[in-house]
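What follows is a set of notes on a single structure, which appears directly below.
The values are calculated or read from the model by the stated rules, or taken from the named source; none is laboratory data. Treat the numbers as computed from the prediction; the structure is a model and nothing was measured. Don't worry about glycine lacking a Cβ; one is built from the backbone with ideal geometry, like all the others, and counts go over all protein chains shown. Keep in mind that these areas ignore ligands, DNA and RNA; they rest on the heavy atoms of the full protein, side chains included. Shrake-Rupley method; radii C 1.70, N 1.55, O 1.52, S 1.80 Å.
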Amino acid sequence: MQEELINLRNEAIAQISSVENTIDLEEIRVAYLGRSGKFTLLVKKIKDTPSEKRKEFGITLNESKNTLERLISDKKQEMIKSISEKRDWFDLTMPGSKLDLGHLHPLTKVLKEVKQIFNFLGYQIADGPEIESDYFNFEALNIPKDHPSRDTQMTFYVDTKGTDLKPSETILRTQTSAMQGRVMEKMKPPFRVLAPGRNFRYEQVDASHGFEFWQVEGFVVDKNIHLTDLFGTINYVLRELFGKEIKTRFATTNFPFVEPGVDTYMQCTICKGKGCSFCKNTGWSEIMPAGMIHPNVLKNAGIDAAKWNGFAFAIGLSRIVNLRYQIKDLRTLTTPDMRILSQF
Ligand code: DAH
(Lines give C-alpha, C1' and ligand atoms only; values in the text may rest on other atoms or scores of the structure.)
Protein backbone atom coordinates (compact mmCIF):
# COMPACT_ATOMS: atom_id res chain seq x y z
CA MET A 1 0.00 0.00 0.00
CA GLN A 2 2.69 2.39 1.07
CA GLU A 3 4.67 1.60 -2.06
CA GLU A 4 1.66 2.04 -4.31
CA LEU A 5 1.11 5.46 -2.72
CA ILE A 6 4.69 6.57 -3.29
CA ASN A 7 4.63 5.40 -6.90
CA LEU A 8 1.44 7.29 -7.49
CA ARG A 9 2.92 10.44 -5.97
CA ASN A 10 6.05 10.20 -8.15
CA GLU A 11 3.92 9.63 -11.21
CA ALA A 12 1.91 12.80 -10.44
CA ILE A 13 5.05 14.85 -9.77
CA ALA A 14 6.50 13.77 -13.12
CA GLN A 15 3.32 14.78 -14.92
CA ILE A 16 3.15 18.15 -13.18
CA SER A 17 6.73 19.02 -14.03
CA SER A 18 6.31 18.21 -17.73
CA VAL A 19 2.87 19.78 -18.28
CA GLU A 20 2.76 22.63 -20.81
CA ASN A 21 -0.46 24.49 -20.35
CA THR A 22 -2.93 25.37 -17.61
CA ILE A 23 -5.72 23.29 -19.12
CA ASP A 24 -3.66 20.07 -18.91
CA LEU A 25 -2.53 21.08 -15.44
CA GLU A 26 -6.13 21.34 -14.30
CA GLU A 27 -6.80 17.90 -15.77
CA ILE A 28 -3.92 16.49 -13.73
CA ARG A 29 -5.26 18.11 -10.58
CA VAL A 30 -8.69 16.60 -11.15
CA ALA A 31 -7.20 13.18 -11.95
CA TYR A 32 -5.26 13.01 -8.68
CA LEU A 33 -6.94 15.34 -6.20
CA GLY A 34 -10.44 15.79 -7.61
CA ARG A 35 -13.55 14.25 -6.00
CA SER A 36 -12.92 10.87 -7.55
CA GLY A 37 -9.21 11.49 -8.08
CA LYS A 38 -6.67 8.77 -7.37
CA PHE A 39 -5.58 10.22 -4.00
CA THR A 40 -9.11 10.89 -2.89
CA LEU A 41 -9.94 7.22 -3.53
CA LEU A 42 -6.89 6.16 -1.48
CA VAL A 43 -8.24 8.05 1.54
CA LYS A 44 -11.14 5.64 1.45
CA LYS A 45 -8.69 2.77 1.61
CA ILE A 46 -7.21 3.90 4.97
CA LYS A 47 -9.74 1.81 6.83
CA ASP A 48 -8.63 -1.36 4.94
CA THR A 49 -4.99 -0.85 5.95
CA PRO A 50 -3.68 -3.08 8.77
CA SER A 51 -3.87 -1.00 11.96
CA GLU A 52 -0.10 -0.94 12.61
CA LYS A 53 0.52 0.58 9.16
CA ARG A 54 -2.48 2.85 9.13
CA LYS A 55 -0.78 5.80 10.83
CA GLU A 56 2.24 5.82 8.52
CA PHE A 57 0.00 5.42 5.47
CA GLY A 58 -2.19 8.30 6.61
CA ILE A 59 0.79 10.60 7.19
CA THR A 60 2.39 9.80 3.82
CA LEU A 61 -0.94 10.23 2.06
CA ASN A 62 -1.52 13.62 3.63
CA GLU A 63 2.01 14.80 2.91
CA SER A 64 1.71 13.61 -0.69
CA LYS A 65 -1.58 15.45 -1.18
CA ASN A 66 -0.12 18.64 0.29
CA THR A 67 3.00 18.34 -1.88
CA LEU A 68 0.93 17.87 -5.03
CA GLU A 69 -1.36 20.78 -4.19
CA ARG A 70 1.65 23.04 -3.65
CA LEU A 71 3.38 21.86 -6.84
CA ILE A 72 0.25 22.41 -8.89
CA SER A 73 -0.30 25.88 -7.48
CA ASP A 74 3.38 26.85 -8.04
CA LYS A 75 3.26 25.52 -11.58
CA LYS A 76 0.11 27.49 -12.29
CA GLN A 77 1.62 30.76 -11.03
CA GLU A 78 4.72 30.14 -13.11
CA MET A 79 2.63 29.57 -16.24
CA ILE A 80 0.49 32.70 -15.73
CA LYS A 81 3.64 34.74 -15.19
CA SER A 82 5.28 33.50 -18.37
CA ILE A 83 2.10 34.19 -20.40
CA SER A 84 1.89 37.79 -19.15
CA GLU A 85 5.61 38.29 -19.80
CA LYS A 86 5.08 37.15 -23.39
CA ARG A 87 2.24 39.70 -23.71
CA ASP A 88 4.55 42.53 -22.71
CA TRP A 89 5.58 43.17 -26.30
CA PHE A 90 3.52 45.60 -28.29
CA ASP A 91 3.12 45.39 -32.06
CA LEU A 92 2.71 48.90 -33.38
CA THR A 93 1.89 47.66 -36.87
CA MET A 94 -1.08 45.54 -35.76
CA PRO A 95 -4.36 46.99 -37.13
CA GLY A 96 -6.58 48.33 -34.35
CA SER A 97 -10.23 47.46 -33.92
CA LYS A 98 -12.51 49.90 -35.74
CA LEU A 99 -14.76 52.13 -33.67
CA ASP A 100 -18.18 52.89 -35.10
CA LEU A 101 -18.52 56.65 -35.22
CA GLY A 102 -21.82 58.31 -35.96
CA HIS A 103 -22.19 60.99 -38.60
CA LEU A 104 -24.82 63.33 -39.93
CA HIS A 105 -27.67 61.77 -41.89
CA PRO A 106 -27.46 62.57 -45.64
CA LEU A 107 -30.71 64.56 -45.40
CA THR A 108 -29.26 66.68 -42.58
CA LYS A 109 -26.02 67.24 -44.49
CA VAL A 110 -27.75 68.43 -47.66
CA LEU A 111 -30.24 70.54 -45.69
CA LYS A 112 -27.34 72.28 -43.96
CA GLU A 113 -25.80 73.04 -47.33
CA VAL A 114 -29.10 74.31 -48.74
CA LYS A 115 -29.55 76.62 -45.73
CA GLN A 116 -26.04 78.02 -46.18
CA ILE A 117 -26.65 78.78 -49.85
CA PHE A 118 -29.88 80.61 -49.06
CA ASN A 119 -28.39 82.44 -46.10
CA PHE A 120 -25.87 83.81 -48.52
CA LEU A 121 -28.79 85.09 -50.63
CA GLY A 122 -30.27 86.85 -47.59
CA TYR A 123 -32.96 84.33 -46.60
CA GLN A 124 -34.01 83.82 -42.98
CA ILE A 125 -34.99 80.39 -41.68
CA ALA A 126 -38.50 79.85 -40.31
CA ASP A 127 -39.68 76.80 -38.40
CA GLY A 128 -43.34 75.84 -38.05
CA PRO A 129 -45.60 73.09 -36.70
CA GLU A 130 -46.07 69.67 -38.30
CA ILE A 131 -49.56 69.48 -36.82
CA GLU A 132 -51.17 72.28 -38.76
CA SER A 133 -54.55 73.91 -39.21
CA ASP A 134 -56.59 73.40 -42.36
CA TYR A 135 -56.48 77.19 -42.68
CA PHE A 136 -52.70 77.62 -43.09
CA ASN A 137 -52.24 74.37 -44.99
CA PHE A 138 -55.02 75.11 -47.51
CA GLU A 139 -57.30 78.12 -47.16
CA ALA A 140 -54.64 80.78 -46.68
CA LEU A 141 -53.04 79.36 -49.82
CA ASN A 142 -56.09 80.04 -51.96
CA ILE A 143 -57.34 76.44 -51.61
CA PRO A 144 -60.92 76.58 -50.26
CA LYS A 145 -62.64 73.52 -48.77
CA ASP A 146 -64.12 72.31 -52.07
CA HIS A 147 -61.06 72.96 -54.25
CA PRO A 148 -60.19 69.95 -56.46
CA SER A 149 -56.44 70.38 -55.83
CA ARG A 150 -57.03 69.02 -52.33
CA ASP A 151 -57.46 65.61 -53.95
CA THR A 152 -53.76 65.57 -54.84
CA GLN A 153 -52.78 66.00 -51.21
CA MET A 154 -54.16 62.97 -49.42
CA THR A 155 -54.42 64.36 -45.93
CA PHE A 156 -54.01 62.79 -42.49
CA TYR A 157 -56.56 64.19 -40.05
CA VAL A 158 -55.58 64.34 -36.42
CA ASP A 159 -57.77 62.70 -33.78
CA THR A 160 -58.66 65.69 -31.60
CA LYS A 161 -60.88 63.90 -29.08
CA GLY A 162 -60.28 65.27 -25.59
CA THR A 163 -58.50 68.41 -26.86
CA ASP A 164 -59.58 71.96 -27.67
CA LEU A 165 -58.64 71.49 -31.34
CA LYS A 166 -61.36 71.42 -33.99
CA PRO A 167 -61.74 67.89 -35.48
CA SER A 168 -61.72 68.36 -39.27
CA GLU A 169 -59.57 71.48 -39.00
CA THR A 170 -56.47 69.84 -37.56
CA ILE A 171 -54.19 67.90 -39.87
CA LEU A 172 -50.59 66.79 -40.40
CA ARG A 173 -49.28 69.40 -42.78
CA THR A 174 -49.14 68.19 -46.36
CA GLN A 175 -46.84 70.98 -47.57
CA THR A 176 -44.36 73.43 -46.08
CA SER A 177 -46.16 76.09 -48.14
CA ALA A 178 -48.31 76.26 -44.99
CA MET A 179 -45.53 78.44 -43.61
CA GLN A 180 -46.27 81.18 -46.15
CA GLY A 181 -49.41 82.44 -44.38
CA ARG A 182 -47.88 82.03 -40.92
CA VAL A 183 -44.88 84.16 -41.82
CA MET A 184 -46.76 86.69 -43.99
CA GLU A 185 -49.21 87.43 -41.17
CA LYS A 186 -46.35 88.22 -38.79
CA MET A 187 -43.65 89.87 -40.90
CA LYS A 188 -43.69 93.11 -42.78
CA PRO A 189 -42.36 92.92 -46.36
CA PRO A 190 -39.81 92.90 -47.85
CA PHE A 191 -38.58 89.48 -46.67
CA ARG A 192 -36.92 86.32 -47.94
CA VAL A 193 -37.74 83.19 -45.98
CA LEU A 194 -36.72 79.54 -46.08
CA ALA A 195 -38.94 77.03 -44.26
CA PRO A 196 -37.57 73.48 -44.26
CA GLY A 197 -39.64 70.70 -42.75
CA ARG A 198 -41.40 67.38 -42.84
CA ASN A 199 -44.73 66.84 -44.56
CA PHE A 200 -47.14 63.94 -44.48
CA ARG A 201 -49.44 62.47 -47.07
CA TYR A 202 -51.46 59.29 -47.22
CA GLU A 203 -49.43 57.75 -50.05
CA GLN A 204 -48.89 54.23 -51.25
CA VAL A 205 -45.20 53.81 -50.38
CA ASP A 206 -42.89 52.86 -53.27
CA ALA A 207 -39.41 53.72 -54.59
CA SER A 208 -40.33 57.32 -55.33
CA HIS A 209 -43.15 58.02 -52.85
CA GLY A 210 -43.22 58.06 -49.08
CA PHE A 211 -45.97 59.01 -46.59
CA GLU A 212 -43.47 61.36 -45.02
CA PHE A 213 -41.17 63.65 -47.00
CA TRP A 214 -39.00 66.70 -46.59
CA GLN A 215 -39.48 69.96 -48.42
CA VAL A 216 -37.66 73.21 -48.21
CA GLU A 217 -40.16 75.96 -48.90
CA GLY A 218 -38.82 79.35 -49.89
CA PHE A 219 -40.57 82.62 -50.61
CA VAL A 220 -39.72 86.20 -51.30
CA VAL A 221 -42.03 89.19 -50.95
CA ASP A 222 -40.72 92.48 -52.24
CA LYS A 223 -41.43 95.10 -54.90
CA ASN A 224 -41.15 94.46 -58.66
CA ILE A 225 -40.21 90.80 -58.42
CA HIS A 226 -40.20 89.03 -61.81
CA LEU A 227 -40.35 85.44 -62.97
CA THR A 228 -36.76 85.83 -64.12
CA ASP A 229 -35.74 86.52 -60.48
CA LEU A 230 -37.22 83.15 -59.64
CA PHE A 231 -35.42 81.39 -62.51
CA GLY A 232 -32.16 83.09 -61.62
CA THR A 233 -32.47 82.03 -57.97
CA ILE A 234 -33.29 78.41 -58.84
CA ASN A 235 -30.45 78.13 -61.35
CA TYR A 236 -27.99 79.66 -58.91
CA VAL A 237 -28.99 77.32 -56.08
CA LEU A 238 -28.94 74.16 -58.22
CA ARG A 239 -25.52 75.03 -59.64
CA GLU A 240 -24.21 75.55 -56.12
CA LEU A 241 -25.57 72.14 -55.15
CA PHE A 242 -24.73 70.09 -58.23
CA GLY A 243 -22.04 71.94 -60.14
CA LYS A 244 -21.96 74.53 -62.92
CA GLU A 245 -22.56 72.06 -65.75
CA ILE A 246 -26.07 70.96 -64.70
CA LYS A 247 -28.97 71.65 -67.05
CA THR A 248 -32.40 72.93 -65.96
CA ARG A 249 -35.70 73.23 -67.74
CA PHE A 250 -38.93 74.97 -66.71
CA ALA A 251 -42.48 74.08 -67.66
CA THR A 252 -45.79 75.68 -66.76
CA THR A 253 -47.98 74.02 -64.19
CA ASN A 254 -50.79 74.86 -61.83
CA PHE A 255 -50.90 75.43 -58.09
CA PRO A 256 -53.68 77.59 -56.61
CA PHE A 257 -51.24 79.74 -54.62
CA VAL A 258 -49.03 80.77 -57.56
CA GLU A 259 -49.74 82.42 -60.90
CA PRO A 260 -48.05 81.46 -63.10
CA GLY A 261 -46.85 78.17 -61.65
CA VAL A 262 -43.74 76.42 -62.94
CA ASP A 263 -42.16 73.01 -62.57
CA THR A 264 -38.36 72.87 -62.44
CA TYR A 265 -36.65 69.92 -64.06
CA MET A 266 -33.00 69.11 -63.75
CA GLN A 267 -31.17 66.70 -65.98
CA CYS A 268 -31.08 63.38 -64.11
CA THR A 269 -27.69 63.02 -62.45
CA ILE A 270 -28.17 59.28 -62.01
CA CYS A 271 -28.32 58.43 -65.75
CA LYS A 272 -26.86 61.77 -67.03
CA GLY A 273 -29.98 62.34 -69.11
CA LYS A 274 -30.02 58.91 -70.77
CA GLY A 275 -33.15 57.74 -68.96
CA CYS A 276 -33.44 55.44 -65.95
CA SER A 277 -36.04 54.20 -63.50
CA PHE A 278 -35.46 57.18 -61.19
CA CYS A 279 -36.36 59.74 -63.88
CA LYS A 280 -39.01 57.44 -65.39
CA ASN A 281 -36.90 57.19 -68.55
CA THR A 282 -37.30 60.87 -69.37
CA GLY A 283 -33.71 61.92 -68.58
CA TRP A 284 -35.13 64.74 -66.44
CA SER A 285 -36.03 64.84 -62.80
CA GLU A 286 -38.71 67.12 -61.41
CA ILE A 287 -37.29 68.72 -58.31
CA MET A 288 -38.75 72.09 -57.58
CA PRO A 289 -42.26 73.37 -58.20
CA ALA A 290 -42.47 77.14 -57.94
CA GLY A 291 -44.26 80.24 -59.17
CA MET A 292 -45.20 83.86 -58.62
CA ILE A 293 -47.21 84.26 -55.40
CA HIS A 294 -50.94 84.58 -56.11
CA PRO A 295 -52.30 88.01 -55.00
CA ASN A 296 -54.99 86.23 -52.93
CA VAL A 297 -52.29 84.67 -50.70
CA LEU A 298 -50.87 88.10 -49.96
CA LYS A 299 -54.35 89.55 -49.38
CA ASN A 300 -55.28 86.71 -46.99
CA ALA A 301 -52.27 87.68 -44.86
CA GLY A 302 -53.16 91.38 -44.95
CA ILE A 303 -50.40 92.39 -47.40
CA ASP A 304 -51.25 94.99 -50.04
CA ALA A 305 -51.03 93.02 -53.30
CA ALA A 306 -50.97 96.20 -55.38
CA LYS A 307 -47.73 97.22 -53.75
CA TRP A 308 -45.99 93.94 -53.08
CA ASN A 309 -45.41 90.77 -55.03
CA GLY A 310 -43.04 87.81 -54.90
CA PHE A 311 -42.21 84.25 -55.77
CA ALA A 312 -42.31 80.92 -53.93
CA PHE A 313 -40.76 77.51 -54.49
CA ALA A 314 -40.48 74.15 -52.77
CA ILE A 315 -37.35 72.05 -52.98
CA GLY A 316 -38.01 68.31 -52.75
CA LEU A 317 -35.18 67.68 -50.31
CA SER A 318 -35.21 63.86 -50.51
CA ARG A 319 -35.07 64.09 -54.27
CA ILE A 320 -32.04 66.38 -54.14
CA VAL A 321 -30.31 63.99 -51.74
CA ASN A 322 -31.09 61.04 -54.02
CA LEU A 323 -29.71 62.81 -57.08
CA ARG A 324 -26.70 63.97 -55.13
CA TYR A 325 -25.79 60.54 -53.78
CA GLN A 326 -27.21 58.62 -56.74
CA ILE A 327 -29.74 56.77 -54.58
CA LYS A 328 -32.49 55.24 -56.66
CA ASP A 329 -34.89 54.29 -53.91
CA LEU A 330 -36.38 57.05 -51.73
CA ARG A 331 -36.90 54.57 -48.87
CA THR A 332 -33.13 54.27 -48.43
CA LEU A 333 -33.16 57.62 -46.66
CA THR A 334 -35.64 56.62 -44.01
CA THR A 335 -34.12 53.26 -43.18
CA PRO A 336 -32.61 52.92 -39.71
CA ASP A 337 -30.11 50.39 -41.12
CA MET A 338 -26.60 51.61 -40.25
CA ARG A 339 -25.00 49.38 -42.91
CA ILE A 340 -26.82 51.51 -45.49
CA LEU A 341 -26.59 54.93 -43.82
CA SER A 342 -22.90 54.69 -43.02
CA GLN A 343 -22.15 54.62 -46.76
CA PHE A 344 -23.01 58.30 -47.14
N1 DAH B 1 -46.59 72.96 -51.84
C2 DAH B 1 -46.60 72.32 -53.12
C3 DAH B 1 -46.69 70.81 -52.92
O4 DAH B 1 -46.20 70.32 -51.98
C5 DAH B 1 -45.35 72.62 -53.90
C6 DAH B 1 -45.20 74.04 -54.30
C7 DAH B 1 -45.57 74.43 -55.58
C8 DAH B 1 -44.65 74.99 -53.46
C9 DAH B 1 -45.41 75.71 -56.00
C10 DAH B 1 -44.48 76.30 -53.86
C11 DAH B 1 -44.86 76.64 -55.14
O12 DAH B 1 -43.96 77.24 -53.08
O13 DAH B 1 -44.69 77.93 -55.54
O14 DAH B 1 -47.22 70.14 -53.73
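Values computed for the structure shown
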read-out: Index of the failed condition, R173 passing every other in (1) within 16 Å of the ligand (Cβ to nearest atom); (2) of a type in the set (K, R); (3) over 23 Å from F211 (Cβ atoms); value: (3)
read-out: Residues that are over 22 Å from L111 (Cβ atoms) and surrounded by 15 or more Cβ atoms within 10 Å (Cβ to Cβ), drawn from region 231-246; value: F231
read-out: Matching residues, region 299-313, being of a type in the set (A, V, I, L, M, F, W, C) and either touching a Lys or Arg at 6+ places or on another chain (Cβ under 9 Å) or open to solvent by 10 Å² or more (accessible area, probe 1.4 Å) (or both); value: A301, I303, A305, A306, W308
read-out: Unique residue being open to solvent by 80 Å² or more (accessible area, probe 1.4 Å), assigned to a helix (DSSP H, G or I) and charged (D, E, K, R) when the list is K47, K65; value: K47
read-out: Residue identified as in a strand (DSSP E or B), surrounded by fewer than 19 Cβ atoms within 10 Å (Cβ to Cβ) and more than 12 Å from the ligand (Cβ to nearest atom) among R331, R249, R339; value: R249
read-out: Verdict on E203 being charged (D, E, K, R), assigned by TED's automatic domain parsing to the domain that holds A140 and crowded, with 19+ Cβ neighbours inside 10 Å; value: no
read-out: Residue satisfying condition, being free of Cβ contacts under 8 Å to residues at least 24 places away in the same chain, assigned by TED's automatic domain parsing to the domain that holds I143 and surrounded by 15 or more Cβ atoms within 10 Å (Cβ to Cβ), within set C271, C276; value: C271
read-out: Of all residues making up region 164-195, the number that are in a loop (DSSP other than H, G, I, E, B) and either open to solvent by 70 Å² or more (accessible area, probe 1.4 Å) or in contact (Cβ under 8 Å) with a residue 12 or more places away in the chain (or both); value: 11
read-out: Residue check for R239: in a helix (DSSP H, G or I) and of a type in the set (D, E, K, R); value: yes
read-out: Whichever residue in region 152-163 is within 33 Å of the chain's Cα centre (by Cα) and open to solvent by 90 Å² or more (accessible area, probe 1.4 Å) and, among such residues, is modelled with the lowest pLDDT; value: T152
read-out: All positions within region 176-221 that are away from the ligand (no atom under 12 Å from the Cβ), within 19 Å of V237 (Cα to Cα) and aliphatic (A, V, I, L, M); value: V221
read-out: Test for E78: is it over 27 Å from N21 (Cβ atoms) and of a type in the set (D, E, K, R); value: no
read-out: Test set (1) within 13 Å of the ligand (Cβ to nearest atom); (2) acidic (D, E); (3) surrounded by fewer than 16 Cβ atoms within 10 Å (Cβ to Cβ) - E286 fails condition number; value: (3)
read-out: In region 1-24, the residues that are farther than 11 Å from L61 by Cα, open to solvent by less than 60 Å² (accessible area, probe 1.4 Å) and in a helix (DSSP H, G or I); value: A12, I13, A14, I16, T22
read-out: Qualifying positions in region 267-309 - within 28 Å of the chain's Cα centre (by Cα) and under 22 Å from L227 (Cα atoms); value: S285, E286, I287, M288
read-out: Residue among H103, H147 that alone is more than 30 Å from V237 (Cα to Cα), touching a residue at least 60 places away in the same chain (Cβ under 8 Å) and open to solvent by less than 90 Å² (accessible area, probe 1.4 Å); value: H147
read-out: Identity of the residue in region 34-44, among the hydrophobic types (A, V, I, L, M, F, W, C) and open to solvent by less than 30 Å² (accessible area, probe 1.4 Å), that ends up farthest from D74 (Cα to Cα); value: L42
read-out: Qualifying residue in region 124-131 (condition: open to solvent by 60 Å² or more (accessible area, probe 1.4 Å), away from the ligand (no atom under 14 Å from the Cβ), touching a residue at least 12 places away in the same chain (Cβ under 8 Å) and over 15 Å from P196 (Cβ atoms)); value: yes
read-out: Residue ID - least open to solvent (accessible area, probe 1.4 Å), chosen from residues in region 252-262 that are more than 9 Å from the ligand (Cβ to nearest atom) and not polar (S, T, N, Q); value: P256
read-out: Options K115, K109, K76: the member that is in a helix (DSSP H, G or I) and modelled with pLDDT of 95 or more; value: K115
